[in-house]
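Report on the following structure.
The values are calculated or read from the model by the stated rules, or taken from the named source; none is laboratory data. Everything numeric here is computed off the predicted structure, so don't read it as measured data. Every residue, glycine among them, receives a Cβ derived from its backbone with ideal geometry; neighbour counts consider all protein chains shown.
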Amino acid sequence: MSGYVILVDFLLKPGSKAEFRRAIDANARASCQTEAGCRQFDVVEPRGEPDRIILYEIYDDRAAFEVHLKTPHLAAFEAASNHLVTKKTVIAGDVVCDGSKT
């Protein structure tokens, strides 16, 4: 099993989650629908943390992620959401075990 994983942890300005979700949901859908190398793009709302969103993304490899970074939908997301974010943390990793596979 292989895959290039990106985790993005966003802390949002209070009260901005609905606007941020509209932008990130559109980006997630576009990534999965238009990028051949994007396997998964999940938007997660941690319970009890109304101003936090976490992304879990899996790409075929680093090159597929680099393609993602140059897409119009990512540029549109960033333009629509940068002013809503107080902190952004990005973690890159590799899939080493997919628990759903035998």
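List of remarks:
- Within segment 23-37, the only residue that satisfies the criterion of being touching a residue at least 24 places away in the same chain (Cβ under 8 Å), part of a helix (DSSP H, G or I) and exposed (fewer than 14 other Cβ atoms within 10 Å of the Cβ) is THR34.
- Qualifying positions in segment 44-72 - in contact (Cβ under 8 Å) with a residue 24 or more places away in the chain, under 12 Å from the mean Cα position of the chain (by Cα) and either surrounded by fewer than 12 Cβ atoms within 10 Å (Cβ to Cβ) or part of a helix (DSSP H, G or I) (or both): PHE65, HIS68
- Leading residue by the ranking (modelled with the highest pLDDT) among those in segment 2-22 that are more than 17 Å from LEU84 (Cβ to Cβ) and part of a loop (DSSP other than H, G, I, E, B): GLY3
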